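Participant: This structure is in C-alpha cells; I'll ask about it shortly.
The values are calculated or read from the model by the stated rules, or taken from the named source; none is laboratory data. On a predicted model such as this, the values are computed, not experimentally measured, just so you know. Positions of Cβ are backbone-derived with ideal geometry, glycine not excepted, and every protein chain shown enters the neighbour counts.
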Amino acid sequence: MKLFQIKVVYHSIFWIFIAIITYILEYRLEKPVDKLLASLFSVSLAASTFYAHLYFFNNFYLQRKYFYYGISVIVVLLIFGFLENFFYNLIYNESIFIIWDILQLIFLLAALTGMKFFKDGLNEKYQLQELKAQKLELELSSIKSQINPHFLFNTLNNLYSLSLQNSEKTPEMVLRLSEIMRFMFDSAQEQKIPLEKEIQYIRNYIELERLRLGNKANIEINVSGLNKFDQIAPMLLISFVENAFKHGFDATSSQILIITIDISVQNKNLYFSIENTKGKNPKVISTGKGIENAKKLLNLLYLQKHSIVIENLEREYKVFLELEL
C-alpha cells in the first residue's frame with residue numbers, strides 16, 4: 001500500500017473515532033438520526049477547517065509567505081465560523097456569538113496542528129536514528145575492512161618467512177591461521193561476540209607469533225574475572241596486541257621482546273592493558289593504522305563508555321583501556 005493510501009486510512013479512522021465520541025456526548029438531541037447528522041456535520045466542519053489550514057500552512061507559512069498565510073487563515077475561520085453558526089440555527093434553533101465560533105475553531109486548529117507536529121517530530125526523530133544507524137554500520141564496515149586485511153597480510157608475511165626457512169613450525173602455523181580466519185569470517189557481521197571468543201582469538205594470534213619468534217620473545221597473558229555472559233565488539237583488542245609485536249620487535253637486535261597482557265572483568269567493566277619493550281631502533285607506533293582503527297571503533301561503539309591511555313616511552317609502549325561491556 002502506498003504511503004498516501006496509508007495516511008488516508010489512518011486519518012479516516014481518526015475522524016470516525018471523533019464522530020463516534022461526538023455522537024455519544026451529544027445530549028441536546030433525542031432522535032438518533034438528528035444526533036447522527038449533528039455529529040457528522042460537526043466532524044465534517046472540523047476536518048474541513050483542519051485540512052484547509054494545513055494546505056495554507058504548507059504552501060504559505062512554510063514558504064515564508066506570512067501575509068498570505070494570515071489572510072488565508074482569517075478567511076478560513078470566518079467561512080467555517082459562519083457555517084457553524086448556521087448549523088446551530090438549523091439543528092438547535094439557536095444562535096451563538098460568531099466570535100465564540102471562531103475561538104472554538106482556533107482552539108481546534110491549534111490542537112490538531114499540534115498533534116500533527118508532534119507526530120511529524122516523532123517520525124523525524126525515528127528517521128534520524130535510522131540514518132545514524134546506517135551511517136554507523138557503514139563506518140564500522142569500513143573500519144573492519146581495514147582491520148581484517150591489515151592483520152591477515154601480516155600473518156601471511158610471517159607464514160611466508162617460515163616457509164622459506166623450511167621450518168617444522170609451518171603446519172602448526174597454518175592450523176592457527178585457519179582458526180583465526182574462521183573467527184574473522186564468523187564474527188565479521190556480528191555486533192557483539194562472547195569475550196571468551198575474542199580472547200581465544202588473541203591467544204591464537206600470540207601462538208602464531210611465538211612460532212615465528214621462538215626464543216626471541218617472552219609473552220605473558222593473564223586473564224581473570226570472565227564469565228560466559230560477557231560480550232564485546234569483535235576485533236577490538238587485537239589491534240593493540242598486533243601493534244605490540246609489529247613495532248616492538250627489532251630483527252636487527254638481539255634484545256628479547258617482552259610483552260605483558262592483562263585482561264580482567266570487574267562489575268561489567270573490562271580492564272585491558274598491554275606493555276611491550278622496544279628494540280634499539282623502534283618504529284614510530286603512535287600513529288599506526290591498527291591503533292587508529294581501534295580508537296575509531298571505540299568512539300563508534302563505546303562512546304562515553306571507555307577510557308584509553310597510551311604511553312609511548314623511550315623503551316616501552318603501554319596501553320591501558322577500560323570500557324563498559
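Participant: Would you check if there is a residue in segment 209-221 being in a helix (DSSP H, G or I), within 25 Å of L301 (Cα to Cα) and either at pLDDT 70 or above or within 25 Å of the chain's Cα centre (by Cα) (or both)?
Facilitator: Here is the first cut: in segment 209-221, the residues in a helix (DSSP H, G or I) are 209-216.
This time we only want the ones that are within 25 Å of L301 (Cα to Cα), so: none.
Checking segment 209-221: not a single residue is in a helix (DSSP H, G or I), within 25 Å of L301 (Cα to Cα) and either at pLDDT 70 or above or within 25 Å of the chain's Cα centre (by Cα) (or both).
Participant: Which of the residues spanning segment 175-208 are more than 25 Å from N276 (Cβ to Cβ) and more than 31 Å from the chain's Cα centre (by Cα)?
Facilitator: L175, S178
Participant: Moving on to the next point. Return the residues of segment 308-325 that are surrounded by 12 or more Cβ atoms within 10 Å (Cβ to Cβ) and without any contact (Cβ under 8 Å) to a residue 40 or more places away in the chain; say none if nothing qualifies.
Facilitator: I308, I310, N312
Participant: Determine, yes or no, whether S12 is under 17 Å from A110 (Cα atoms), in a helix (DSSP H, G or I) and either of a type outside the set (G, A, S) or at pLDDT 80 or above (or both). Write out each step before concluding.
Facilitator: Details: under 17 Å from A110 (Cα atoms): no; in a helix (DSSP H, G or I): yes; either of a type outside the set (G, A, S) or at pLDDT 80 or above (or both): yes.
Against the criterion (under 17 Å from A110 (Cα atoms), in a helix (DSSP H, G or I) and either of a type outside the set (G, A, S) or at pLDDT 80 or above (or both)), S12 does not qualify.
Participant: Which of the residues belonging to segment 35-51 are aromatic (F, W, Y) and closer than 15 Å to F82 by Cβ?
Facilitator: Of the residues in segment 35-51, the ones aromatic (F, W, Y) are 41, 50-51.
The answer is F41, and nothing else.
Participant: Give K283, K305, K246 a once-over and let me know the one that is touching a strand residue (DSSP E or B) at 6+ places or on another chain (Cβ under 9 Å) and either closer than 23 Å to M184 by Cβ or at pLDDT below 90 (or both).
Facilitator: Working: K283 fails: touching a strand residue (DSSP E or B) at 6+ places or on another chain (Cβ under 9 Å); K246 fails: touching a strand residue (DSSP E or B) at 6+ places or on another chain (Cβ under 9 Å).
Only one candidate passes the filter, namely K305.
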